[in-house]
Amino acid sequence: MTSTASGAPERDTALAVELSRLAAAGTPTDRDEDPERLLSAVAAFQDITRVAAELQAQAARTAHDSGVSWARIGALLGVSRQAVQQRFDPNYVGTPVGAAVGRILGPVTRAEELRHLEAAGAQGWKLIEARHGEHRLVHTGGAWEVQRVSILTPGPLPAVGDGWEAAATRFPDCFYVRSRPAP
């Protein structure tokens, strides 16, 4: 199933309702138009936009890495091959301004990344960002366990109650970390 900006009004409406609920989550007030709550929703929509853009970029790179051409991805989005490649190709993506300083683990393949992340975690390196072929880590001093979960595979996500915290996403994978007990 594909969707474009003009292609799925029912789906767009349902998504808009869910995003509105997410943005409006918080402490309920007596008034629908409470200025502070409305400003909070504006900020929440900014966060949703930022995260959605990054997830879209990860999905585009995953599709391309799986053999889908930049031209086909561009056609879906209504832009040229060159435009979509400049937007999503990792060769055009620099380090974000204000990104945490640490270490890059890579290049690694998906098949070997967990082994390398676990080894780095045992040495006190915590995963904070996942990209295709590389991961950004910061040194914390404590040891870390890492778990990768694909959102395309049914099953529960690692539980906060078990000490897991979401560390990074790289569509379709979510990475979770938890502090490893001292030996």
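Across segment 107-161, the convex hull enclosing all Cα atoms gives 94 Å³ per residue. Here the extension length gained between A14 and V108 equals 30.0 nm, from 0.36 nm per residue of separation less the Cα-Cα distance.
Provide the FRET efficiency to the nearest 0.05 for the L157-V79 pair, computing r from the beta carbons and using R0 = 30 Å. Each step should come with its number before you reach the end.
Values: r = 33 Å, r/R0 = 1.11.
In this case the efficiency is close to 0.35.
Calculated accessible area for segment 42-88 comes out at 61 Å² per residue, all protein chains present (probe 1.4 Å; ligands, DNA, RNA ignored).
Which percent of the accessible heavy-atom area of segment 111-171 goes to carbon and sulfur, probe 1.4 angstrom? Kindly include the intermediate steps, with their values, before the conclusion.
On the way: 1760 of 3180 Å².
Reported share for carbon and sulfur atoms: 55 percent.
Rolling a 1.4 Å probe across the protein heavy atoms gives segment 102-179 an accessible surface of 51 Å² per residue.
The values are calculated or read from the model by the stated rules, or taken from the named source; none is laboratory data. On a predicted model such as this, the values are computed, not experimentally measured, just so you know. Positions of Cβ are backbone-derived with ideal geometry, glycine not excepted, and every protein chain shown enters the neighbour counts. Surface areas here come from the heavy atoms of the whole protein model, side chains and all, with no ligands, DNA or RNA. Shrake-Rupley method; radii C 1.70, N 1.55, O 1.52, S 1.80 Å.
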